[in-house]
Amino acid sequence: MGAGGPSDLPSPPGWRPPMLASLLRMPDEAAVLRAGDGGDERNRDGLRGIAVRDGDRVELWSRNHLSFNRRFPDLVVALGRIPVPSFVLDGEIVAFTPGGRTSFQLLQAGPTAPGGRTVLVAFDLISLLGRDTSGLPLDERSQLLRRAVGDGPDQVTVSEQLAGDPAQLLAAACQAGWEGLVAKRRSSPYRSGRSTDWRKLKC
């Protein structure tokens, strides 16, 4: 259809099944990490969250399409303060202790738990301003994600990308008490379901 037709118009953003990582065993499968254009991110001990905003409407969903709006109302408010009116973000809802560690027990206790801070750590951008971004390489989606979140609320942050040898990064992550790492192929698109473009390295 030509320019200006219905297919060229932005469509309202909506939930979709998230992309899931396949387990990778170290050191047996370490060659898989070195063979491609991989990058590593921290694997946090939390709840998967798909955030959908369309103007004033904000929905925070679980990986199984259950609403988190009543469970995490502070995050819904924070998502409404991001300086972009339409997006779909993929991330992890985590609770930080005063010492900076994530605690699943604290997350289960809810936003009123003493001493905790609930945060949505965004790591992917599925849609922006009504345009599907899932077909873009991960590197491009990451750049758009950082620009979209920008200097937004403290309760929505962007996952840090780690550089270095995966085996050494995993050893350091385990020593620090992390859940592990997720190695992602930087050129890969976003596809719903289990994928070997994302590989989970568990401590």
Cβ-based charge dipole, the range 112-200, positive-most Cα from Thr196, Val182, Leu169: Thr196
The range 89-163 - Rg over Rh from alpha carbon coordinates, Kirkwood radius: 1.05
For the chain, calculated [θ]222 nm from helices alone, where every DSSP H run of n ≥ 4 adds -39500 (n - 2.57): -5500 deg cm²/dmol
Along the chain, longest interval not containing exposed GluC sites (Glu not before Pro), exposed being DSSP loop plus at most 14 other Cβ atoms within 10 Å: 30-159
For the chain: Kirkwood Rh in Å [reciprocal of mean 1/r, alpha carbons]: 17.7
Accessible solvent surface per residue of the chain, calculated while the other protein chains remain in place, 1.4 angstrom probe, Å²: 51
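Taking a 1.4 Å probe, which of Thr133, Thr97, Thr196 shows the most accessible area, and what order do the others take after it?
Result, largest first: Thr196, Thr97, Thr133.
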Exposure ranking of Leu66, Leu20 by accessible area [1.4 Å probe, largest first]: Leu66, Leu20
Whole-number percent relative contact order across the chain, with pairs defined as alpha carbons under 8 Å at least 6 apart: 31
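The values are calculated or read from the model by the stated rules, or taken from the named source; none is laboratory data. It should be emphasised that the depicted structure is a prediction, and the values quoted were computed from it without experimental measurement. FYI the Cβ positions are ideal-geometry reconstructions off the backbone, even for glycines, and counts take in every protein chain you see. Only protein heavy atoms, including side chains, enter the accessible area calculation; ligands, DNA and RNA are left aside. Shrake-Rupley method; radii C 1.70, N 1.55, O 1.52, S 1.80 Å.
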